[in-house]
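Shown next, in structure tokens, is the structure this report addresses.
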């Protein structure tokens with residue numbers, strides 16, 4: 001069994017809470033390091049085990065991630081917890097490797113137009129960047145998992161519809177250069193369940209024994225329906241953020257990521273044991289309300305509670 005299958009076993013479901021990275025990307029106010037650490041520990045106590053902890057980006061430009069090394073350390077001290085951090089260039093990768101993070105994420109745009117606008121480089125250059133990341137991983141002592149997200153995979157804010165064959169081509173190249181996992185991202189929430197299911201199924205087919213992640217945004221209210229379609233198509237790693245925090249500079253009016261609490265409920269309702277206590281998880285939202293009072297929080301579970309007779313404690 002490869003390291004990635006140790007981290008993401010193929011006989012279950014792995015839910016990643018991305019609020020500390022994707023959720024804080026555009027906020028006006030962000031929590032202190034101590035509050036972030038409490039956020040993590042309370043989610044961990046609720047049963048969450050996968051956390052996207054931040055980005056290795058210049059602190060001057062992204063002050064919300066200046067403490068990423070402290071947050072990585074917090075995760076490594078929790079038994080069985082797994083941390084993921086974003087690194088977009090070689091400097092960031094080297095800093096991530098030095099931190100001991102268990103997983104490093106990178107991004108390749110599905111369209112050339114978005115790649116140039118967002119990263120000022122071609123898609124081929126982005127793939128070469130991921131290849132270099134894999135080489136640095138192989139030369140490192142702890143050999144973290146490497147995942148590459150394909151942003152705008154289900155629709156692009158610049159060109160509109162995206163040819164799924166282009167996404168499959170990029171996924172194949174990413175596996176060729178050595179990634180452990182590909183994440184299919186509906187970055188601006190353009191897709192519905194049919195498109196998500198079809199693309200997920202195609203990527204799962206070429207992934208072989210490696211896991212496939214699906215990263216969804218709830219821009220047009222399709223997040224949970226799309227997550228259900230992704231599960232039906234074989235995805236076993238899904239991203240969401242507490243309270244639906246998040247956003248994208250390329251999606252004006254976007255709400256954010258799919259709501260993590262509702263995602264847990266969806267998985268349980270479909271027979272996937274998550275190990276997460278939903279009521280304890282919903283209670284962690286109090287941290288966000290106190291620390292980021294100006295940020296909108298979303299979610300059906302938080303609003304309506306669990307159905308009568310439903311156990312809060314997951315199997």
Residue 210 vs (1) within 24 Å of residue 7 (Cβ to Cβ); (2) without any contact (Cβ under 8 Å) to a residue 60 or more places away in the chain; (3) in contact with a strand residue (DSSP E or B) (Cβ under 9 Å, 6 or more places away or on another chain): all pass except (2)
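Do we find that residue 133 is more than 16 Å from the chain's Cα centre (by Cα), in contact (Cβ under 8 Å) with a residue 60 or more places away in the chain and over 29 Å from residue 261 (Cβ atoms) in this structure? Spell out how you get there, then give the answer.
Details: more than 16 Å from the chain's Cα centre (by Cα): yes; in contact (Cβ under 8 Å) with a residue 60 or more places away in the chain: no; over 29 Å from residue 261 (Cβ atoms): yes.
For residue 133, the condition - more than 16 Å from the chain's Cα centre (by Cα), in contact (Cβ under 8 Å) with a residue 60 or more places away in the chain and over 29 Å from residue 261 (Cβ atoms) - is not met.
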What helices (runs of 4 or more DSSP H) lie completely within the range 142-252 and have 1 or more residues being crowded, with 19+ Cβ neighbours inside 10 Å, under 16 Å from the mean Cα position of the chain (by Cα) and at pLDDT 95 or above? 193-207, 223-232
Considering the range 256-313 alone, what residues qualify as being farther than 30 Å from residue 28 by Cβ, more than 22 Å from the chain's Cα centre (by Cα) and in contact (Cβ under 8 Å) with a residue 24 or more places away in the chain? 306, 312, 313
Go through (1) part of a loop (DSSP other than H, G, I, E, B); (2) under 17 Å from the mean Cα position of the chain (by Cα) for residue 31 and report which single condition fails. (2)
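To keep it simple, each residue is scored yes or no on (1) in contact (Cβ under 8 Å) with a residue 40 or more places away in the chain; (2) over 22 Å from residue 37 (Cβ atoms); (3) touching a helix residue (DSSP H, G or I) at 6+ places or on another chain (Cβ under 6 Å).
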| residue | (1), (2), (3) |
| --- | --- |
| 94 | yes, yes, no |
| 104 | yes, no, yes |
| 107 | yes, yes, no |
| 127 | yes, yes, yes |
Which one is surrounded by the fewest Cβ atoms within 10 Å (Cβ to Cβ) among residues in the range 81-92 that are under 19 Å from residue 119 (Cα atoms) and in contact with a helix residue (DSSP H, G or I) (Cβ under 9 Å, 6 or more places away or on another chain)? 90
For the range 39-80, name all the residues that are assigned to a loop (DSSP other than H, G, I, E, B), surrounded by fewer than 21 Cβ atoms within 10 Å (Cβ to Cβ) and in contact (Cβ under 8 Å) with a residue 40 or more places away in the chain. 47, 49
Being closer than 26 Å to residue 218 by Cβ and out of contact with any strand residue (DSSP E or B) (no Cβ under 7 Å at 6 or more places or on another chain) is true for just one of 23, 12, 100, 83. Which residue is that? 12
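The values are calculated or read from the model by the stated rules, or taken from the named source; none is laboratory data. From a predicted model like this one, the values you see are computed outputs, not experimental measurements. Positions of Cβ are backbone-derived with ideal geometry, glycine not excepted, and every protein chain shown enters the neighbour counts.
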